[in-house]
1. Considering G219, G161, G192, G249, which residue is of a type outside the set (D, E), at pLDDT below 95, open to solvent by less than 50 Å² (accessible area, probe 1.4 Å) and under 20 Å from the mean Cα position of the chain (by Cα)?
2. Please work out if L334 is under 23 Å from the mean Cα position of the chain (by Cα), part of a helix (DSSP H, G or I) and either free of Cβ contacts under 8 Å to residues at least 40 places away in the same chain or surrounded by fewer than 18 Cβ atoms within 10 Å (Cβ to Cβ) (or both).
3. Of all residues in region 186-206, which are in contact with a Ser or Thr (Cβ under 6 Å, 6 or more places away or on another chain) and part of a loop (DSSP other than H, G, I, E, B)?
4. Can you pull out the residues in region 65-114 that are in contact with a Pro (Cβ under 8 Å, 6 or more places away or on another chain) and open to solvent by less than 20 Å² (accessible area, probe 1.4 Å)?
5. Would you point out the residue of region 126-164, among those that are assigned to a loop (DSSP other than H, G, I, E, B) and within 16 Å of the ligand (Cβ to nearest atom), that is nearest to L334 (Cα to Cα)?
6. Considering only residues that are without any contact (Cβ under 8 Å) to a residue 24 or more places away in the chain and part of a loop (DSSP other than H, G, I, E, B), which ones fall in region 239-248?
7. Just to confirm my filter: which helices (runs of 4 or more DSSP H) fall fully inside region 1-119 and include at least 3 residues that are within 16 Å of the ligand (Cβ to nearest atom) and touching a residue at least 60 places away in the same chain (Cβ under 8 Å)?
8. Scan region 337-359 residue by residue and report those that are of a type in the set (A, V, I, L, M), open to solvent by 10 Å² or more (accessible area, probe 1.4 Å) and more than 16 Å from the ligand (Cβ to nearest atom).
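The values are calculated or read from the model by the stated rules, or taken from the named source; none is laboratory data. This structure is a prediction, so every number in the text was calculated from the model and none was measured. Quick reminder, even Gly has a Cβ in these numbers, built from the backbone with ideal geometry, and neighbours come from all protein chains shown. Calculation scope for accessible area: heavy atoms of the full protein, side chains included, ligands and nucleic acids excluded. Shrake-Rupley method; radii C 1.70, N 1.55, O 1.52, S 1.80 Å.
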Amino acid sequence: MHSQPYRTLIEPFRIKSVEPIRLSTPEEREVWLEQAGFNLFALHAEQVIIDLLTDSGTGAMSAEQWAALQRGDESYAGSPSFHRFEQAVKDLFPFKHVIPTHQGRAAEKILMSAIGGPGKVIPNNTHFDTTRANIEHTGARAVDLPGRQAMDPRSSHPFKGDMDIDALAAILREEGQSVPAVFVTVTNNSGGGQPVSLENLRRVRGLCDEHGIPLFLDGCRFAENAWFIRKREEGQQDRSVTEIVREMGSLADGMTMSAKKDGLANIGGWLAMNDDDLAADCKRMLILTEGFPTYGGLAGRDLEAIAQGLTEVVQHDYLRYRVRSAEYLGEALLAAGVPIVQPAGGHAVYLDARELLPHIPPLSYPGQALAIELYREGGVRGCEIGTVMFGLQPDGKEAPASQELVRLAIPRRVYTQSHVDYVAEVVQRVANRATEMRGYRIVDSPPVLRHFTARFAPL
Ligand code: F0G
């Protein structure tokens, strides 16, 4: 455990290059909100003061990463930058084949086109939306099997990302021959950024072995997950994060990865596996859609940034600060009486709009109302994860989502403690006038993925 005597945990970096934040007034933001049709995705980023829309590709690179860019070798085939990237991935995840892709969903698309198809079933603790969409696009069925502990936003269970082992056993017993792979997402983004324990991964592995089915990790936030294991799982306190990550990898047969998260890069991803035939299939598809297997849709310099990022993301000082930032925001909000999904996730804090705004019914979009109000109040941009995002059914009808959340995702190494203090103040002020807030209606909506482009009007 960390034994420093100070209450203040400092950012373990100093700043070499700054980006100005344009401070705006509530009057300006009101105009911009109207212009954006009350959809925060339609804002210009300069109109945002603190941008917590996503932690994906929005992190700050280190001086060593910027230096590595200069070393980037742009050879079409056999670039040394690819070999450095491959080695850096294998140092953590010793899979036989490492296939670079331009981001996580490209790895998903390629893998699912090889293993999916009508009649197939692919379980996960919770599929991220692009994973689910790529599975369904092949005609296969995506099944979420979160554990019961994940259902209660107030439960502070240490591993709310764990998969429901009994439910997995039942699916494998009944439909095992239709399951081409089992997935586990670390951390479980759609379930609140909650970690998966080693114990749970071992049990999933055991079931996969019984049925001869490969296990894949969606590894986007593998380092944050490993840090939680080190902090929370019995007997893991004396191990390094690198060792824990290697064990997580050794329990799987392959992985998909978005390097825009725990690759500490602005773009990139990979697909990795041990199976030679599957790798050959995937590389054929890669050449069609991404590029030659030694660059996979990336520039050589991007491969270098990821290779260096992977050596930084497992450092304990970084992870202690990283996970503490979200926890610190969560504590401030709880102390102010703002309902959140507990405990705070590794990369984000999720506000519970259903609980904060019980007077706004699901089809008047309480999460959207809350997200808009945070922007109006303080220029803070979060992301609705509720009925706007999930309420539209394939038949065109609407149904309430299971939760009404607003995710405040924290970009890596970008904001300081005073930025986080400011966000807590903004949320608190908005929460204080919760009873005055009204819902919204949708005035214009595309048939799919409506949260990106729908336009809203206040009720
Ligand atoms: N898997 C998980 C768990 C993710 O969180 C994401 C992206 C992906 C796969 C897809 O990766 O964006 O590189 O194609 N999540 C981002 C987010 C977009 O905001 O949570 P990608």
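1. Residue meeting the stated conditions: G192.
2. Details: under 23 Å from the mean Cα position of the chain (by Cα): yes; part of a helix (DSSP H, G or I): yes; either free of Cβ contacts under 8 Å to residues at least 40 places away in the same chain or surrounded by fewer than 18 Cβ atoms within 10 Å (Cβ to Cβ) (or both): yes.
Spelling it out, L334 is indeed under 23 Å from the mean Cα position of the chain (by Cα), part of a helix (DSSP H, G or I) and either free of Cβ contacts under 8 Å to residues at least 40 places away in the same chain or surrounded by fewer than 18 Cβ atoms within 10 Å (Cβ to Cβ) (or both).
3. Hits for region 186-206 are G193, P195.
4. The answer is F82, F85, I99, P100.
5. At the first step, the residues of region 126-164 found to be assigned to a loop (DSSP other than H, G, I, E, B) are 126-128, 138-140, 145, 147, 152-162, 164.
Imposing the further condition that a residue be within 16 Å of the ligand (Cβ to nearest atom) reduces the set to 126-128, 145, 160-162.
Values: T126: 26, H127: 28, F128: 27, L145: 28, K160: 19, G161: 21, D162: 24 Å.
Filtering region 126-164 for residues that are assigned to a loop (DSSP other than H, G, I, E, B) and within 16 Å of the ligand (Cβ to nearest atom), the one nearest to L334 (Cα to Cα) comes out as K160.
6. Keep residues of region 239-248 that are without any contact (Cβ under 8 Å) to a residue 24 or more places away in the chain, which gives 239, 243.
Result: R239, single match.
7. Working: elements: 26-35, 63-71, 80-92, 104-115.
Passing ranges, in order: 104-115.
8. At the first step, the residues of region 337-359 found to be of a type in the set (A, V, I, L, M) are 338, 340-341, 344, 348-349, 351, 353, 356-357.
Those still in the list that are open to solvent by 10 Å² or more (accessible area, probe 1.4 Å) too: 341, 344, 356.
Passing the criteria: only L356.
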